[in-house]
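S.K.: This structure is in structure tokens; I'll ask about it shortly.
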Amino acid sequence: MTRTHCPYCALQCGMDVSAGGLISAESLCQKGWTAAEVLRAPDRLTTPLVGGRAATWDEALDLAVTRIRQIQDAHGPDGVAVFGGGGLTNEKAYLLGKFARVALRTSQIDYNGRFCMSSAAVAVRRAFGVDRGLPFPADDLARAETVLLAGANPAETMPPLVRRLRGAKRLIVVDPRATATARLADLHLQLTPGTDLALALGLLHIAVADDLIDAGYIAERTSGFAAAVAESNAYWPERAERITGVPVRLLRETVRALARRPAVVLTARGSEQHAKGVDTVTAFVNLALALGLPGRPGSGFGTLTGQGNGQGGREHGQKADQLPGCRDIRDPEARAHVARVWGVRPEDLPGPGRSAYELLQSLGTEDGPRALLVFGSNPAVSAPETARVRERLRALDFLLVCDVVPSETARMADVVLPVTQWAEEDGTMTTLEGRVVRRRRATVPPPEVRSDLEVMHELARRMDAPGDFTPDPRRVFAELRRAGAGGPVDYAPIDYDTGGFWGGPRLFLDRFATEDGRARFVPVGFRPPAEDVCADYPVYLTTGRVLQHYQSGAQTRRVRDLDRAVPGPFVELHPDLAARLSVAQGDAVRVSSRRGSVVVPARISAGVRRDTVFMPFHWPGANFLTNPALDPLSRMPELKVCAVRVEAVRESGSDRRRHGRRPAGQ
């Protein structure tokens, strides 16, 4: 048995895996228990594909380099783009950023974490000076008097975390649905979708008006309080109730509970995946600062990272505007430092490129990239306005995808390269706490399968790229430490074998990572969703996960037990809405937005608001509907709320069974 870590969420639970794929662990969720089955997926990619037919590695790689050169000769370095993923190891994320900027010389690189953690990253960085999901160990949650979860459903997305949450004396959940997590809560604030920002402003107003703030902490450890409070004055409790639908009584009870330290405020995608996601997270940060929570043992503010390496994936340079160590790519000192490590001139490094959705929308256009290389992502399912994204993928002159299974994106590719997965490779991952852990190879991959690091090494070698593109993860990690040394996120003290917390287990105990050591209040005001309900589209759609599946479902949909448990997409709607539509459980329902339409079976539940429907995004379907409106700072799309129309569809039983497997009418 080899000690390694689960391939799914950012908890990175430890597990023992045998050479035959047997998993042993004290505590895993259903996805973790069945993770070994993905290693044996019946449609596992085991040989390179060129134009859909089996090919040799030399043929596939040589073709890729030829097409890259042809396209860059015709369209310049930015004619080729790279799209990465938040599930890649630290070493892959680092080498991918280097490969794009040194071997390809392109500025056009971003990753699917832009759809996940980008709003929280911007908000906490401007408040605290550095971005870490949890600036304290997750075990602290069990010691809190109160935990507020805004837009999080860990009972289904990261179940082992619930054990820690149950240790807290009081759990408060902010969510439009009565999720599995909300059902565990002492208080459930079931707000209107898209109004989390107004809720946070209302809570701050109450904290100030009821004299529940920590005046000494504010004076000694923060700046900007007066301006933030002045903005929140417009959101008195009754107005906050009108906007959010949450009764004043529950708002006041929430603030009183949080004022009894130790307490923790946590946000997640439900509050963050909005065109105002940065401001929403900022408003919750302001609330936490006013109550004196961040930087105190057992208390604080944090964000629940989604993907397996969502933390490390955004720290090492695969974001469009960042270099390793979370350095700003526009900073001359940062460019000079990284260029020295890479053995190139600072002026040879490209500047910032397009963010993820903007990059995808530009593919194949006159001034956009003509080729795309995809590592560890499935944007043909995960990106908003999916139909448009698929059009852009089809418009490319060349698409290369590295994947484990034939995902929806891989099926569109000119070249598909089969790569190793979690138990077949070495490397490091970074948990939501900022803890670096070792991923150890436990099983042998199929003979013709190579690692992403080997793919980048071979492509760089064929392109005569300067510098070292070693496929050895230990050597890549050593270079990663040098490239990030002295940056906002510094892995230099971290050992590859033993790991540990970058910056220490608890940040901000003495000072924040700002120039003056003080945390910053930032004034923010409420604005409604980018697309509100109207006569033609009178219902809110919100999206999320279910317990059995993960992200775009490329892994979990291939696990027999998980697929049987939830075999396809559905729409969850309130019994009153179902009655108005004359819809029964399992009936086909058409859900339409301004961007598309899908037909899925109905799942009737009193746990969702009467004005709201819910769809999981693990299959093609939900993101055909979602709104790509972007946050002006983070460039995060508004995945969590849009306006839809819901209609009954009368059809035969065979059609209904078909719709239980795949959405129709996209």
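S.K.: Over the alpha carbons of the stretch 341-461, what is the largest minus smallest coordinate on each principal axis, giving the biggest first in Å?
M.R.: Its Cα atoms span 45, 38, 35 Å along the three principal axes.
S.K.: I want the antiparallel fraction of DSSP beta bridges within the chain, as a percent rounded to 5. Show your work: numbers first, answer last.
M.R.: Working: 38 of 82 bridges.
Percentage antiparallel, nearest 5: 45.
S.K.: If you don't mind, another one. Any chance you could check the Cα centroid distance between the stretch 268-307 and the stretch 166-232 for me, in angstrom?
M.R.: Going from one Cα centre to the other spans 9 Å.
S.K.: Based on the Cβ-Cβ distance of Arg474 and Glu59, what FRET efficiency does E = 1/(1 + (r/R0)^6) give at R0 = 22 Å, to the nearest 0.05?
M.R.: On the way: r = 30 Å, r/R0 = 1.37.
Here the calculated transfer efficiency is 0.15.
S.K.: Using only the Cα atoms of the stretch 242-372, construct the convex hull and provide its projected area averaged over every direction, in square nanometres to one decimal.
M.R.: Directional mean of the projected Cα hull area for the stretch 242-372 stands at 12.4 nm².
S.K.: Can you give the accessible area of Val248 in Å² (nearest 10), computed on protein heavy atoms with a 1.4 Å probe?
M.R.: My reading of the accessible area for Val248 is about 30 Å².
S.K.: Testing the spin-label approximation: label points 7 Å from Cα along Cα→Cβ at Ala648 and Thr514. State their distance in nm.
M.R.: Going by the 7 Å Cα→Cβ label model, 5.7 nm.
S.K.: On to the next question. Before I look further, what does the stretch 490-637 give for accessible area per residue, probe 1.4 Å, in whole square angstrom?
M.R.: Spelled out: the 1.4 Å probe surface of the stretch 490-637, per residue, equals 38 Å².
S.K.: Need the list of aspartates and glutamates near Lys276 for cross-linking: C-alpha distance under 13 angstrom, and skip anything on the same chain fewer than eight residues off.
M.R.: Counting by Cα, and skipping residues close in sequence, Lys276 has these aspartates and glutamates nearby: Asp196, Glu531, Asp631, Glu638.
S.K.: Could you do me a favour and compute the accessible area per residue for the stretch 251-342, 1.4 Å probe, result in Å²?
M.R.: That works out to 20 Å² per residue.
S.K.: From the phi angles alone, apply the Karplus equation (6.51, -1.76, 1.60; θ = phi - 60°) to the stretch 389-394 and give each ³J(HN,Hα) in whole Hz, x where the residue is Gly or Pro.
M.R.: Whole-Hz 3J(HN,Hα) from phi for the stretch 389-394: 4, 5, 4, 5, 4, 5.
S.K.: On average, how much accessible surface per residue is there in the stretch 346-469, in Å², for a 1.4 Å probe, leaving out ligands, DNA and RNA?
M.R.: Solvent-accessible surface per residue comes out at 31 Å².
S.K.: Let me ask you something else. If I take the Cα coordinates of the stretch 186-306 and project them onto the principal axes, what are the three extents in Å, biggest first?
M.R.: Principal axes ranked by extent give 36, 34, 30 Å for the Cα atoms.
S.K.: Can you return the lysines within cross-link range of Lys98? Criterion is Cα-Cα under 25 Å, with same-chain partners fewer than 8 residues away left out.
M.R.: Leaving aside lysines fewer than 8 places away in the same chain, those within reach of Lys98 are Lys319.
S.K.: In Å and whole numbers, how far do the C-alpha atoms of the stretch 25-95 stretch along each principal axis, longest first?
M.R.: Principal-axis extents of the Cα atoms in the stretch 25-95, largest first: 55, 29, 16 Å.
S.K.: What is the Cα radius of gyration of the stretch 213-281 over 2.2 N^0.38 Å, N being its residue count?
M.R.: In units of the 2.2 N^0.38 Å rule of thumb, it is 1.26.
S.K.: Can you compute 3J(HN,Hα) from phi for each residue in the stretch 163-171, using the Karplus curve 6.51 cos²θ - 1.76 cosθ + 1.60 with θ = phi - 60°, rounded to whole Hz and x for Gly and Pro?
M.R.: 4, 6, 5, 5, x, 5, 6, 9, 10
S.K.: Using all C-alpha to C-alpha distances in the stretch 331-410, build P(r) with 10 Å bins and read off the rounded percent in each one.
M.R.: All Cα pairs, binned at 10 Å, distribute as 17, 38, 25, 19, 1 percent.
S.K.: On the protein heavy atoms, probe 1.4 angstrom, tell me the percent of accessible surface of the chain carried by carbon and sulfur. The partial results should precede the final answer.
M.R.: Working: 10480 of 22060 Å².
Roughly 48 percent, rounded to a whole number.
S.K.: So what's the stretch 114-239 giving for Rg/Rh, alpha carbon basis, Kirkwood Rh from the mean inverse pair distance? List each step's numbers first, then the result.
M.R.: Numbers: Rg = 15.8 Å, Rh = 16.4 Å.
Radius of gyration over Kirkwood radius for the stretch 114-239 works out to 0.96.
S.K.: Expressed as a whole number of Å, what is the distance separating the alpha-carbon centroids of the stretch 538-591 and the stretch 374-438?
M.R.: Rounded to whole Å, the Cα centres lie 24 Å apart.
S.K.: Using R₀ = 35 Å, calculate the FRET efficiency as 1/(1 + (r/R₀)^6) where r is the Cβ-Cβ separation of Thr66 and Asp497; round to 0.05.
M.R.: Working: r = 40 Å, r/R0 = 1.14.
Here the calculated transfer efficiency is 0.30.
S.K.: Can you work out ³J(HN,Hα) from phi for every residue in the stretch 269-275, in order, using Karplus 6.51 cos²θ - 1.76 cosθ + 1.60 and θ = phi - 60°, giving whole Hz and x for Gly and Pro?
M.R.: Once θ is set to phi - 60°, the couplings for the stretch 269-275 become 4, x, 9, 9, 7, 9, 6 Hz.
S.K.: Taking every Cα atom in the chain, find the radius of gyration and the maximum pairwise distance Dmax, and write them in Å.
M.R.: Looking at the chain, its Cα Rg and Dmax stand at 23.9, 70 Å.
S.K.: Among 78-91, 595-608, how do they line up by average Cβ neighbours within 10 Å per residue, starting with the highest? Before the final figure, lay out each step's value.
M.R.: Values: 78-91: 27.2, 595-608: 20.0.
Ranked by mean Cβ neighbours within 10 Å, highest first: 78-91, 595-608.
S.K.: Here's another thing I want to ask about it. Over the Cα atoms of the stretch 55-200, what is the Rg over Rh ratio if Rh follows Kirkwood? List each step's numbers first, then the result.
M.R.: Values: Rg = 21.8 Å, Rh = 19.1 Å.
That ratio equals 1.15.
S.K.: Once you keep just the Cα pairs under 8 angstrom separated by 6 or more residues, what percentage relative contact order results for the chain?
M.R.: Computed value for the chain: 21 percent relative contact order.
The values are calculated or read from the model by the stated rules, or taken from the named source; none is laboratory data. As the structure is a prediction and not an experimental result, all values here were calculated from the model. Ideal geometry is used to build each Cβ from the backbone, glycine not excepted, and the neighbour counts take in all protein chains shown. Calculation scope for accessible area: heavy atoms of the full protein, side chains included, ligands and nucleic acids excluded. Shrake-Rupley method; radii C 1.70, N 1.55, O 1.52, S 1.80 Å.
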